[in-house]
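Here's the structure, in structure tokens; my notes come after.
Please treat every number below as a calculation from the coordinates, not as lab data. Because the structure is a prediction, the values reported are computed rather than measured. Positions of Cβ are backbone-derived with ideal geometry, glycine not excepted, and every protein chain shown enters the neighbour counts.
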Amino acid sequence: MVSSSVKTIRVVVVDDHTLFAEGTVSLLSSESYISVVGTAKNGGDCLNIVKVEHPDVVLLDINLPDFCGTDLIEKIKELDSNVSIIMLTGQNPEEYVNASLNKGAHGFLLKDCTKTEMTTAIIQASSGKYYFSQNMAQYLRSVIVGEEISTNIIETEKIHGTSLTPKEIEIIDLIAQGLRNREIAATLGIKNRTVDFHVSNILSKLGVKSRLEAVLIYTKEKVESAKIG
């Protein structure tokens, strides 16, 4: 449950598919901490709304009638540099990822994502963090993480019935030490969004929703493995 003291997050939904846009607005409107301050079916309308409303987050479809969503990012940022933008896509987004992130997007959501995933993305983006749909890992790994993940088979460690990569193990060890994502990025010399991506993968693999749960499971399994060893 979100505290009533939490600042309301102002959101604009931009999508030319009426049914999807209306469904998204309906879902988000049921959350007391989210206020949908506008909807747009094209880039022009989006810019007009941003100029007037100055939202915290824009949910932006990649394909619009008058703009490619990637090209619209810079125009939105020119109007309000504080706006966080989450790209929406119903297709393989790989060709758009680099350009979108480099222009200032804070993440990607597949259109078949759950309400929980969408609201989590909005909360994270509104606080300057990155969020990527868990089902998009297959498209995003090589683009976001770059050379950190090789296409070759790499050594993994079995934790909670699944495999964590060496980089994920390194990151969860730092989480266990109390470091925040930005601190982990500085420690490892990697980008913030790369850490966010890895953390999202760790939570997904361990089947948990919070960093604390992940650390508890990881620590328990590590101790048990040491005893067996």
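By the scheme Lys and Arg +1, Asp and Glu -1, what is the net charge of all other residues having a beta-carbon under 12 Å from that of S133?
With Lys, Arg at +1 and Asp, Glu at -1, the net is -1.
For the stretch 1-60, just say rounded, prolate or oblate: build the C-alpha gyration tensor, square-root its eigenvalues into a ≥ b ≥ c, call rounded for a/c under 1.5, and beyond that prolate if a/b exceeds b/c, oblate if not.
oblate
Sum up the charges of everything whose Cβ sits under 11 Å from the Cβ of N42, counting Lys and Arg as +1 and Asp and Glu as -1, but leave N42 out.
In short, -4.
Run down the aspartates and glutamates and flag those whose C-alpha is under 14 Å from the C-alpha of K111, throwing out any fewer than 8 positions away in its chain.
Once the sequence-local aspartates and glutamates are set aside, what remains near K111 is D15, D16, E22, D61.
Longer than 25 Å from Cα to Cα, which of K51/K191; K75/K129; K167/K222; K77/K209; K41/K205; K75/K209 are they? Say none if no pair is.
Checking Cα-Cα distances, K51/K191; K77/K209; K41/K205; K75/K209 exceed 25 Å.
Ordered by packing density, taken as the mean number of other Cβ atoms within 10 Å over each peptide's residues, highest first, how do 38-48, 56-66, 183-193 rank?
In descending order of packing, they fall as 56-66, 38-48, 183-193.
Using a Debye calculation, one point per C-alpha and no hydration shell, please list log10 I(q)/I(0) for the stretch 21-103 at q = 0.11, 0.13 Å⁻¹ in order.
Calculated log10 I(q)/I(0) at the listed q: -0.28, -0.40.
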